[in-house]
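Here is the structure we will look at, set down as structure tokens.
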Amino acid sequence: MLDHAELQVRRAHEKSLYDGTGEDRVVEVVEKLLDAICPAILDLRPTMDELNAALGYVAKLSELDVRLMSWAFGINQIVEDLNSPLGPDATVNTVQGPFHIADAPTTDSGAPIGLIEADADILVMDGIVRDLAGQALAGVELDIWCADRNGEYSQFAPNIPDFNNRAKIRTNADGSYRIVTEMPQPYALIGECKLLLERMGRQIWRPRHVHFMIDHPGFESLITQVYFTGDDYTSNDCVIGVKDGLLTELKRVDDPKLGFDRPVLVAHYDFALQPAAKAEQAA
Ligand SMILES: [Fe+2]
């Protein structure tokens, strides 16, 4: 009967097969994973039919399926946190997710970043971008993307104009920015990731949020998302992306000075960017 002691003998033999000409990092990664997977397989005691079903399942996954699973099971978050140089005073990072598209059009701060239908719930979100000393930063580029009123992303769902709800804006002279968009709605994961989570009894929805990628010379890049207090799914986000410090209040405000003839949803969020030099010192 194969047991863990015998498995270790087989593992040692497998490791003896390398001739030293391989790529060290590839060997390290594969062997580390095998050291975890092989004992788990022994404990799980799958039948051959189960193994073949599992291998067939993996073989049919699309790239997006795999990326969503990495996100949903917290793997991306581990890697991002491992590589983040941000200290406790900077705005916290969180997962980029798979829906960013490079080269979004440049838009004036305060201009709508996508279609706004006549009956749309409108989000007006503003704030200040500062350094860690509290100094406002002018001309900072914010690359913004968010889902639409149906919880769908342009370039990923049909019948949405390219770059809808995607834009790059720059902060004003006082460091302020303003985003105007249809209120992004929650969205569920899709494809095999969705089906797998459902089979496991995990909810599949993300809370409403806006994504930010902020790059400014002399500062660490910040990739994050802003969420809204009291929203559904902030406590059980299916991709574990909600962190302390990324929640802000959402209020319905009727103020013609905001530029709309009906009440809109207003949120405020300030960003603190970490100077690159501090990250280098800490490293
Ligand atoms: Fe998103």
Just name one of N164, A277, G218: the one whose Cα is farthest towards the positive end of the charge dipole of the chain (beta-carbon charges, Lys/Arg +1, Asp/Glu -1). N164
D162 versus V66: modelled label distance in nm, points set 7 Å from Cα along the beta carbon direction: 2.6
Once the in-chain neighbours fewer than 8 apart are removed, the lysines whose Cα is under 22 Å from K15 read K32
Summing -39500 (n - 2.57) over the DSSP H runs of n ≥ 4 in the chain and dividing by its residue number, what mean residue ellipticity at 222 nm do you reach, to the nearest 500 deg cm²/dmol? -8500 deg cm²/dmol
Fully extended contour minus Cα-Cα distance, from V253 to H4, at 0.36 nm per residue: 83.3 nm
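For the chain, what is the accessible area per residue in Å², given a 1.4 Å probe and the full set of protein chains?
Each residue of the chain exposes 55 Å² on average to a 1.4 Å probe.
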Lysines near K194 by alpha-carbon distance under 23 Å, same-chain residues fewer than 8 away left out - which ones? K60, K243
With a 10 Å radius around each residue's Cβ, average the other Cβ atoms per peptide and rank 94-103, 28-37, highest first. 94-103, 28-37
Run the paramagnetic zone check for V79: 7 angstrom along Cα to Cβ, then residues of segment 209-237 with backbone nitrogen under 20 Å. 212-214, 221-225
Filtered hits (lysines, Cα-Cα < 28 Å from K257, offset >= 8 within chain) -> K168
Taking 0.36 nm per intervening residue step and subtracting the Cα-Cα distance, what contour gain separates L33 from D231 on full extension? 67.5 nm
Net charge near A118 (other residues with Cβ under 14 Å of its Cβ; Lys, Arg +1; Asp, Glu -1) is -3
How many percent of the accessible area of segment 4-45 is carbon or sulfur, using a 1.4 Å probe? 62
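Which percent, to the nearest 5, of DSSP beta bridges fully inside the chain are antiparallel?
75
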Shape call for segment 75-282 from the C-alpha gyration tensor, a ≥ b ≥ c root eigenvalues: rounded (a/c under 1.5), prolate (a/b greater than b/c) or oblate? oblate
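The values are calculated or read from the model by the stated rules, or taken from the named source; none is laboratory data. Quantities reported herein were computed from a predicted structural model and do not represent experimental measurements. Counting neighbours? That spans all protein chains shown, and the Cβs are built from the backbone with ideal geometry, glycine included. These accessible areas exclude ligands, DNA and RNA; they are computed on the full protein's heavy atoms, side chains included. Shrake-Rupley method; radii C 1.70, N 1.55, O 1.52, S 1.80 Å.
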